[in-house]
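First comes the structure, then the notes that go with it.
Nothing in this text is a laboratory measurement; each read-out follows from the coordinates by a stated rule. None of these values were measured; they are calculated from a predicted model. With ideal geometry, Cβ positions are generated from the backbone for all residues, glycine too; neighbour counts draw on all protein chains shown.
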Amino acid sequence: MTVIDRYASFWLDKFMKHRWIVPLCSGLLAVLANPLAIQACSVCITDAHDPTMDAFNWSVFFLMAAPYTVVVSIAGALFFGYRRAAAKREQTETTEPLMQLAWNDKESGR
Amino acid sequence: MFLGAEAMFFAGLIGAYIVFRVGSTIWPPPFQPRLPVGVTGVNTLILIASAVTMRWSLKAVRVNDRKRFIRYLAYTAVFGGIFLLIQGFEWLRLIHFGLTVSSSVYGGLFYTLIGFHGLHVFGALIWLLVVLMRAKQGRFSRASYVGVQTCGMYWTFVVALWPVLYGLVYLY
């Protein structure tokens with residue numbers, strides 16, 4: 001037994017202790033042999049600039065933007081509503097008295 | 001929350017429409033009637049006018065001007081009713097010309113998208129009429145007008161949605 005044989009046998013023994021590695025590696029090799037099976041993009045089924053692909057992409061883009069638009073619109077409405085209410089409150093809470101009390105003038109000797 | 005859910009509902013329908021519209025090289029498909037762009041454009045202006053009168057009615061109730069409040073609320077309902085009548089009339093004409101839900105994807109998408117909007121306008125109109133009835137009974141004042149406010153929000157939503165649908169379905 002040469003040094004290389006011994007070295008290989010040592011690592012093979014170590015490798016075989018973890019039996020789950022064998023099916024995992026076999027599976028990965030099988031998937032790599034068929035690249036279509038590991039295609040990441042679910043709508044990349046046609047060539048670039050294909051109308052169907054463009055349509056899917058635009059639709060995905062629109063649906064992705066829609067929730068943000070909705071949330072920003074609601075936040076904007078709440079913000080401006082709050083500002084309007086605050087301005088209204090400031091208007092009503094003036095330092096001027098609501099009415100001049102006659103007895104106040106009399107008692108103060110004016 | 002409700003308006004957000006409604007917006008996402010229409011976003012889903014618009015997303016489906018985009019898939020078919022952008023994916024087709026010829027649109028509308030051959031042997032399908034063209035949509036009435038001009039009449040619907042005028043109808044769009046009527047619906048926008050209804051949003052303006054709704055806003056004026058809200059302004060009137062805030063200053064306790066009951067007479068103007070009821071008048072503008074009634075104008076809003078009338079404009080909404082006119083919009084629905086014109087839409088219904090145009091739909092009848094399109095059906096007569098052969099555009100039905102089952103005639104093509106084009107017809108199916110048109111009636112689904114525009115039909116759901118019409119249904120929402122109809123619902124909003126009924127709500128508006130209830131608010132108008134209650135307003136005539138003197139149920140709203142400067143201090144309490146939440147009912148009018150929520151109805152106004154919903155009405156503004158259905159009006160704001162329409163130009164988007166008109167641009168997408170009729171003009172694009």
Single residue of the stretch B:92-104 satisfying the filter (surrounded by 17 or more Cβ atoms within 10 Å (Cβ to Cβ) and of a type in the set (A, V, I, L, M, F, W, C)) that is farthest from the chain's Cα centre (by Cα): B:LEU99
The stretch B:133-150, residues that are in contact (Cβ under 8 Å) with a residue 60 or more places away in the chain and within 25 Å of A:ALA85 (Cα to Cα): B:ALA135, B:GLY138, B:PHE140, B:SER141, B:ARG142, B:TYR145, B:VAL148, B:GLN149
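Among the candidates B:LEU85, B:LEU128, B:LEU119, single out the residue that is part of a helix (DSSP H, G or I) and surrounded by 15 or more Cβ atoms within 10 Å (Cβ to Cβ).
Result of the check over B:LEU85, B:LEU128, B:LEU119: B:LEU128.
Give the residue that is farthest from A:ALA66 (Cα to Cα), with candidates limited to residues of the stretch B:13-26 that are out of contact with any Ser or Thr (no Cβ under 8 Å at 6 or more places or on another chain) and either surrounded by 13 or more Cβ atoms within 10 Å (Cβ to Cβ) or at the interface with chain A (Cβ under 7 Å from one of its Cβ atoms) (or both).
Top of the filtered list is B:THR25.
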Quick check: is even one residue across the stretch B:47-60 within 14 Å of chain A (Cβ to nearest Cβ) and not basic (Lys, Arg)? yes
Among the candidates B:SER57, B:SER103, residue that is among the polar types (S, T, N, Q) and not in a helix (DSSP H, G or I): B:SER103
When residues of the stretch A:68-95 are limited to those that are of a type in the set (D, E, K, R) and either within 12 Å of another protein chain (Cβ to nearest Cβ) or under 27 Å from the mean Cα position of the chain (by Cα) (or both), the one farthest from B:MET1 (Cα to Cα): A:LYS88
